[in-house]
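**Q** Pasting a structure here, questions to come.
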Amino acid sequence: MLVFEGTYDAKAALAVVDEALRTSPPALGLLLDLSASASLRDRSSDDLRGVATFLSSRRAMFGSRLATVGLSDLAYGLLRMVTVFASEHGIENEAFRSRDEAVAWLCGAPGDQDRAPA
């Protein structure tokens with residue numbers, strides 16, 4: 001699980017993701033918690049599409065399963081955009097409003113879509 005807080009540069013955040021995947025590949029999938037991110041709200045749709053493209057090139061490193069967490073309506077909506085873009089690249093993914101929900105989904109079987117969206 002990677003937690004992003006406060007403000008940060010998008011390229012630096014991608015470098016953190018890349019390093020984490022190379023050194024400690026997650027067993028069940030990748031969880032990105034952006035609940036405390038102040039930078040997410042400033043990302044454009046092109047930025048979000050770029051994140052999905054970046055992750056798609058590394059999807060084998062996290063089992064092609066991605067869970068994202070955003071608390072505010074804006075953050076959750078932006079992460080829903082990421083789910084669309086990531087799905088276009090073959091990444092099974094969901095956006096959540098709580099870390100517990102995201103972890104539970106990642107612990108479920110791949111392809112398990114039984115949860116109701118938040």
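**Q** If you build a Gaussian network model of the chain, linking Cα atoms that sit under 10 Å apart, which residue out of ALA15, ALA60, ALA75 swings the most?
**A** Evaluated over the chain, the most mobile residue of the options is ALA15.
**Q** Which part of the stretch 1-42 falls in the paramagnetic zone of ALA60, meaning amide N under 19 Å from the point 7 Å along Cα-to-beta-carbon?
**A** Counting only backbone N, you get 18-30.
**Q** How many nm separate the modelled label positions at ALA109 and VAL3, each set 7 Å beyond the Cα in the direction of the Cβ?
**A** For the pair ALA109/VAL3, the computed spacing is 3.3 nm.
**Q** Using only the Cα atoms of the chain, what do you get for the radius of gyration and for Dmax, in Å?
**A** 12.8, 35
**Q** Using only Cα atoms, locate the centre of the stretch 68-107 and the centre of the stretch 27-41, then give the distance between them in Å, rounded to an integer.
**A** 9
**Q** Can you give the net charge of the other residues whose Cβ lies under 13 Å from the Cβ of GLU19, counting K and R as +1 and D and E as -1?
**A** So the environment of GLU19 carries a net charge of +2.
**Q** Let me ask another. Place the peptides 79-86, 94-101 in order of packing, highest mean first, counting for every residue the other Cβ atoms within 10 Å and averaging per peptide. Write down the numbers at each step before the final one.
**A** On the way: 79-86: 19.9, 94-101: 18.2.
Taking the mean over residues of other Cβ atoms within 10 Å, the ranking is 79-86, 94-101.
**Q** Between VAL16 and ARG99, what is the label-point separation in nm under the 7 Å Cα-to-beta-carbon projection?
**A** A separation of 1.3 nm, rounded to one decimal place.
**Q** Using a 7 Å offset from the Cα along the Cα-to-Cβ direction at both SER44 and MET81, what is the distance between the two label points in nm, to one decimal?
**A** Label-label distance for SER44 and MET81, simple model: 1.0 nm.
**Q** For VAL3, list long-range residues whose amide hydrogen, built 1.01 Å from N in the peptide plane, is under 5 Å from its own amide hydrogen.
**A** ASP33
Each value in this text was obtained by applying a stated rule to the coordinates, not by laboratory testing. All of these numbers come straight from a predicted model, not from anything done at the bench. So basically every Cβ, Gly included, is an ideal-geometry build from the backbone, and we count neighbours across all protein chains shown.
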